[in-house]
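Peer 1: Before I ask anything, let me first share the structure, which is written out below as structure tokens.
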Amino acid sequence: MTQKVEFYRHSVGEAERASVDAALRDPFLTTGARVREFEAKFGGMFADDAQVLGLSSCTAALHLSLLAFGVGPGDEVITTPLTFIATANVILHAGATPVFVDVDPGTGLIDPELVEAAITARTKAVIAVHLYGQMADVRALRAICEPRGIKLIEDAAHAVESLRDSVQPGDVGDCACFSFYATKNLTSGEGGALLSRDREFLERARTLSNHGMSKNAADRYGGSYVHWDMVALGYKYNMTNIQAAMLLPQLPHVEDKCARRQAIACQYKAGFQLLPFVQFPAVAGGEGSRNARHLFVVFVSDMRDEVLSALGNEGVGVAVNYRAVHRLTFWKERLGLASDALPHATDLGERCISLPMYPDLTDREVQYVVETVAAVGGRLGLS
Ligand SMILES: *Cc1c(COP(=O)(O)O)cnc(C)c1O
């Protein structure tokens, strides 16, 4: 049947179209002044001493962060299995060995105690994921990592607007990686950014993001010809002016869009209060914490896949964020873990359902989702 409530509708509008149109009238279409402007303005939303590198994706930011920290073959990187595959895959792309540790059963966030227990002489980095909009306990993780010289990388794909105990992404970790993928809170269709307070690290990442060339095209453009050099083996991960043009008009609206998503989350929570089979991720952090509300995820008590297909049949768009990485075929074969390994991530990955969550969702649509979940749960006999 046709969707009554889509899982996601973007809110790209006239301002983004006008900005992209202007960018297309420039002589210069790839990385240039608009990317620099985006880097400065996006960076302005975070710590004063942090700088930003615009990239083609969050996957690129995660990959480059490992490379620019010198992580490679023989090194171990600790991360969570309850994430999008990109977080884990980049560890293999860097030639390093992924080490998965379990998550907190309430929040779904990486458990710092298990991180500490998994550290070996080979551990070079930890990638923490700020899941659904709640930040991992970066202070606890830093206290574990810093004395041992282990880099703390924050996967902040869900966390542009997040706070945990008064810190933002990139305040405590060595860097933070953002996504501007089609369904993220800020979007250029595809895009990403790497933020860090470590300028030398960011310059290494910048060089690696453009084939390891000593100058990018904008630096080479105009004036008399100067040879460029290749100083490292890099990748093609740069952000274009067209992507930056699409992102720039969205920045002034980050707060009002976040406020609208908070209101939607409240409406969902009130609506589901009387349905015991619907559980929410536990609140992470104390005062001074904010859930960015990127995704609205519930954990159902049982029969997740039946609930998913019933909701789909009633016209409610749904998704799963995420089945645990170690349960997917490639990773299962690669890791060969016992079937009862990483039990909390496995369990949450088998019970989670993402419901529609975006600023243009109407109160009536939210109400329809709530009523449909209640009806489906009733029909399936869930309690
Ligand atoms: C979306 C996402 C990514 C990957 O982002 P891309 O920009 O698509 O590469 C990485 N980690 C998490 C947690 C994500 O949700």
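The values are calculated or read from the model by the stated rules, or taken from the named source; none is laboratory data. None of these values were measured; they are calculated from a predicted model. These area figures cover heavy atoms from the full protein model, side chains too; ligands, DNA and RNA do not enter into them. Shrake-Rupley method; radii C 1.70, N 1.55, O 1.52, S 1.80 Å.
Peer 1: Using alpha-carbon pairs under 8 Å, 6+ residues apart, how would you state the relative contact order of the stretch 30-149 in percent?
Peer 2: The value is 21 percent.
Peer 1: Oh, and also: In vacuo Debye scattering of the stretch 208-271, one point per C-alpha: log10 I(q)/I(0) at q = 0.23, 0.24 Å⁻¹?
Peer 2: With no solvent term, the Cα-only Debye profile gives -0.97, -1.00.
Peer 1: In 5 Å bins starting at zero, report the fraction of Cα pairs in the stretch 156-309 per bin as a rounded %.
Peer 2: Over the stretch 156-309, the share of Cα pairs per 5 Å bin runs 2, 7, 12, 15, 16, 14, 11, 9, 6, 4, 3, 2, 1, 0, 0 percent.
Peer 1: On average, how much area does the Cα convex hull of the chain cover when viewed from any direction, in nm²?
Peer 2: Taking the Cα atoms of the chain, their convex hull projects to 20.0 nm² on average.
Peer 1: Put 8, 225 in order of accessible area, largest first, 1.4 Å probe: what do you get?
Peer 2: Details: 8 65, 225 165 Å².
The ranking, largest first, comes out as 225, 8.
Peer 1: Quick one: accessible area per residue over the chain, 1.4 Å probe, rounded to a whole number of Å²? Write out the running numbers ahead of the final one.
Peer 2: Numbers: 16440 Å² over 383 residues.
For the chain, the per-residue accessible area is 43 Å².
Peer 1: Please tell me the relative contact order of the chain in percent, rounded to the nearest whole number, where contacts are Cα pairs under 8 Å and at least six residues apart.
Peer 2: Values: 798 pairs, mean separation 91.4, N = 383.
Dividing the mean separation by the residue count of the chain yields 24 percent.
Peer 1: Next question, about the same structure. For the chain, which whole-number percentage of the solvent-accessible area (1.4 Å probe, protein heavy atoms only) is attributable to carbon and sulfur atoms?
Peer 2: Accessible surface attributable to carbon and sulfur in the chain totals 53 percent.
Peer 1: Still on this structure: With contacts defined as alpha carbon pairs under 8 Å and 6 or more residues apart, what's the relative contact order of the stretch 225-340 in percent?
Peer 2: 17
Peer 1: Moving on. In whole Å and largest first, what semi-axes does the C-alpha gyration tensor of the stretch 26-81 yield when each eigenvalue is scaled by 5 and square-rooted?
Peer 2: 28, 15, 10
Peer 1: Moving on. Can you give me the solvent accessible area of residue 326 with a 1.4 Å probe, rounded to the nearest 10 Å²?
Peer 2: Its accessible surface works out to 10 Å², give or take rounding.
Peer 1: While we're looking at this one, here's another question. Heavy atoms only, 1.4 Å probe, whole protein assembly: order 230, 239, 303 by accessible area, highest first.
Peer 2: On the way: 230 105, 239 0, 303 60 Å².
Largest to smallest exposure gives the sequence 230, 303, 239.
Peer 1: Along the three principal axes, how long is the stretch 1-106 when you take its alpha carbons, biggest first, rounded to the nearest angstrom?
Peer 2: That gives 48, 46, 27 Å along the principal axes, largest extent first.
Peer 1: 222 nm [θ] for the chain, helices only, -39500 (n - 2.57) per DSSP H run of 4+, per residue, to 500?
Peer 2: -11000 deg cm²/dmol
Peer 1: Could you order 242, 110 by accessible surface area, starting with the largest, using a probe radius of 1.4 Å?
Peer 2: Listed by decreasing accessible area, they come as 242, 110.
Peer 1: Let me ask another. Output ³J(HN,Hα) for the stretch 9-17: one whole-Hz value per residue in order, computed from phi by the Karplus curve 6.51 cos²θ - 1.76 cosθ + 1.60 with θ = phi - 60°, and x for Gly and Pro.
Peer 2: 10, 6, 10, 5, x, 4, 5, 5, 4
Peer 1: Output the pairs from 124/257; 124/215; 4/41; 236/269 with a Cα-Cα distance over 32 Å in this structure; if there are none, say none.
Peer 2: Listed pairs above 32 Å: 124/257; 4/41; 236/269.
Peer 1: Same structure, new question: Quote the Stokes-Einstein diffusion coefficient, in whole µm² s⁻¹, for the stretch 115-187, based on the Kirkwood radius over alpha carbon pairs, a temperature of 37 °C and a viscosity of 0.692 mPa s.
Peer 2: Stokes-Einstein gives a translational diffusion coefficient of 261 µm²/s.
Peer 1: Hey, could you grab the Kirkwood Rh for the stretch 184-230? Inverse mean 1/r over distinct alpha carbon pairs, Å, one decimal.
Peer 2: Final number for the Kirkwood radius of the stretch 184-230 is 12.9 Å.
Peer 1: If you consider only alpha-carbon coordinates, what radius of gyration and Dmax does the stretch 237-334 have, in Å?
Peer 2: Looking at the stretch 237-334, its Cα Rg and Dmax stand at 18.0, 49 Å.
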